[in-house]
1. Among helices (runs of 4 or more DSSP H) lying entirely in the stretch B:364-436, which contain 3 or more residues that are at pLDDT 95 or above?
2. Identify, please: which residue in the stretch A:142-162 is within 23 Å of A:Glu100 (Cα to Cα) and open to solvent by 10 Å² or more (accessible area, probe 1.4 Å) and is, among those, farthest from the other protein chains (Cβ to nearest Cβ)?
3. B:Arg342 versus (1) of a type in the set (Lys, Arg); (2) out of contact with any Cys (no Cβ under 9 Å at 6 or more places or on another chain); (3) surrounded by fewer than 20 Cβ atoms within 10 Å (Cβ to Cβ): which is the lone unmet condition?
4. Against the condition within 14 Å of chain A (Cβ to nearest Cβ) and either open to solvent by 30 Å² or more (accessible area, probe 1.4 Å) or modelled with pLDDT under 95 (or both), how does B:Thr242 come out, does it pass?
5. From the list A:Met50, A:Met1, pick out the single residue that is aliphatic (A, V, I, L, M) and modelled with pLDDT of 90 or more.
6. Considering each residue of the stretch A:75-97, count those that are in contact (Cβ under 8 Å) with a residue 24 or more places away in the chain, within 13 Å of chain B (Cβ to nearest Cβ) and outside any strand (DSSP E or B), and give that number.
7. State the number of residues belonging to the stretch B:55-78 that are part of a helix (DSSP H, G or I), out of contact with any Lys or Arg (no Cβ under 7 Å at 6 or more places or on another chain) and of a type outside the set (Ser, Thr, Tyr).
8. Just one of B:Leu298, B:Leu279, B:Leu312 is open to solvent by 60 Å² or more (accessible area, probe 1.4 Å) and within 14 Å of chain A (Cβ to nearest Cβ); which is it?
Amino acid sequence: MAETAGAHGAGSQGGDHGDEATRRDFLYLTAGAFTVIGGAVAIWPFINSMNPSADVLAAGGPVDVDLTPLEEGQAITVMWRGEPMFVRYRTQAEIEAARETPLDDLIDPQTDEERVKPGHEQYLVVRGICTHLGCVPLGQRQGDERGEYGGWYCPCHGSHYDTSGRIRRGPAPMNLIVPPYTFADDKTVVIGEEGEAAA
Amino acid sequence: MSGPSQPSQFTGAVGWIDRRLPVFSYLEKEYRQFPAPRNFNYFWNFGAIATVMLVVMMATGIVLAMQYTPHVDMAFNSVERIMRDVNNGWLLRYLHMNGASMFFIAVYIHIFRGLWYGSYKQPRELLWILGVVLLVLMMATAFMGYVLPWGQMSFWGAKVITNLFSAIPLVGDSITTWLWGGFTVDNPTLNRFFSLHYLLPFVIFGVVILHVIALHVVGSNNPLGIDPKSPRDTVPFHPYYTAKDSFGIVVFLIVYAAFVFFAPNFMGHPDNYIPADPLLTPAHIVPEWYFLPFYAILRSVDFDIWFIDAKLGGVLAMFGALVVLALAPWLDRSPVRSCRFRPVYRWFLVLLVIDLIALGYVGANAPDDEILSGLGITWLDLGHIAMPWYFIHFLVVMPLVGKFERPLPLPLSIRDAVLPTRGGAPMTTAAPSKQA
């Protein structure tokens with residue numbers, strides 16, 4: 001490229017540079033590079049405008065959940081960031097079942113202790129979105145199908161979750177995600193705010 | 001710079017325009033004189049039919065957009081208002097809704113025509129690839145259009161499909177957030193889908209023009225798959241094929257009208273008449289019928305392939321299904337185009353159609369349900385056979401059959417094959433390798 005540009009540009013560039021890069025080569029390259037950079041900079045606002053806006057981000061702030069009406073064995077669903085969050089008050093048997101499961105049996109190995117807050121082991125808080133393709137699993141309401149492991153069952157493609165929200169069978173690749181949350185007091189959980197380290 | 005250089009065959013006002021902008025010369029050359037093989041059958045109607053459907057979809061879509069409100073609180077009701085209160089709104093919406101299905105029917109038959117008669121082969125590779133691009137654009141447009149009424153299937157379909165992108169390693173979650181414009185499928189998503197649903201048909205229109213230009217450079221294939229060799233093998237496009245296409249279009253529109261007036265919801269799903277509810281997943285999320293085989297391919301990959309997990313594998317398989325289709329010109333090694341002369345491959349192509357229908361049923365049913373109760377075979381089991389077969393067809397059958405099959409003797413020319421010769425039977429010759 002330098003050769004042809006040098007040969008053709010010789011007349012107007014004042015002198016034959018042979019294989020040397022000419023001023024014209026330099027101008028082509030710098031102009032070309034700045035056109036590309038300028039184009040990329042100009043496109044960015046268009047792309048970035050499609051990212052979550054300030055009001056959407058603000059509406060995604062933390063929510064307080066009052067756990068007083070919740071009794072052992074029951075579960076409630078609250079909305080955070082447009083998605084259902086499952087809060088389940090687990091029975092002693094459910095907690096034991098989750099804790100006695102060997103990690104080797106798990107698709108996405110995680111202990112039950114890693115998925116709850118110390119001192120609040122009876123409450124399991126997970127994002128109620130199947131990690132396969134985003135359906136809402138069944139198991140929150142009385143009489144719902146809870147799958148083979150007593151947790152949740154996703155009706156879309158048949159994923160079974162256990163009483164710790166861990167994936168046990170089916171196409172989902174991961175456990176139900178534990179959202180950031182903290183306990184304001186024994187009966188109030190704040191979803192969307194990370195407190196003392198767990199998870 | 002002394003005025004128009006092209007002499008025109010037109011006179012008067014038409015000639016004046018044509019010497020400055022040769023639209024009339026173009027139409028004369030490409031749509032009147034354009035030499036088309038004399039032996040087209042009715043499969044050759046479906047390009048024109050698909051074009052008509054594109055125009056119908058754009059016309060009905062533009063007026064529907066005047067009444068539709070792209071907001072999560074109002075979208076569903078605005079569609080119901082179109083159905084009940086807007087003058088002829090029910091007709092326009094049913095035309096648009098069923099038009100999408102009819103468009104896909106036309107395009108799928110058009111694609112099958114291309115596969116059966118080898119239209120994808122040299123020198124029509126780029127024409128074929130442009131066709132696959134059109135299919136992808138149509139799928140994107142149809143998917144986003146289906147979201148707009150904001151019913152249960154709209155919402156959950158959007159959720160499932162946009163979540164596919166989260167399977168992309170490293171950047172998947174950022175991409176899905178960007179696609180949604182939020183933390184889930186919500187109002188920003190609906191707004192952008194409306195915008196893109198309005199845009200993409202014009203992009204499709206542009207690619208259709210490229211598709212037609214590419215066609216008019218290399219000329220049409222025909223049921224025999226051999227090239228026209230003399231003017232005796234062709235007829236002018238007008239009036240011969242304008243007439244034949246018009247007849248086919250009318251028959252197709254009768255079927256279309258039958259759906260619109262007598263069974264407008266036959267190809268839809270009743271759950272989409274329930275307003276979207278982010279807390280309640282429908283028992284079976286089923287896409288529109290034209291996506292079912294692809295949906296089945298997605299779901300049938302429920303196992304890890306080396307380091308690729310099942311979710312990413314399913315997504316790759318679904319998009320891979322379109323990629324192998326685009327690569328057909330290079331995967332098929334047979335020099336003979338038409339299945340009329342391919343005694344072995346034609347049965348494999350029939351099998352592929354059966355395979356796609358089977359995949360359609362797999363996509364429509366819950367994976368763990370048994371096909372026949374008591375037999376112990378589930379739809380997923382069928383998917384585990386039908387999904388790989390699709391890829392085996394393109395990646396193994398196409399190259400190997402092309403190599404080992406012995407084609408039937410090809411006719412000497414189109415005219416010899418379709419017109420009785422004075423001496424008796426049409427002449428044939430065994431020289432398959434010379435053509436193409």
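The values are calculated or read from the model by the stated rules, or taken from the named source; none is laboratory data. From a predicted model like this one, the values you see are computed outputs, not experimental measurements. Cβ sites come from the backbone with ideal geometry, for glycine too, and all protein chains shown count toward neighbours. For the accessible areas, the whole protein counts, side chains as well, though only heavy atoms, and no ligand, DNA or RNA atoms are used. Shrake-Rupley method; radii C 1.70, N 1.55, O 1.52, S 1.80 Å.
1. B:379-392, B:398-404
2. This residue is A:Gly150.
3. Unmet condition: (3).
4. So B:Thr242 does not fit the description; no.
5. Answer to the selection: A:Met50.
6. 1
7. Here the count works out to 12.
8. The unique qualifying residue is B:Leu279.
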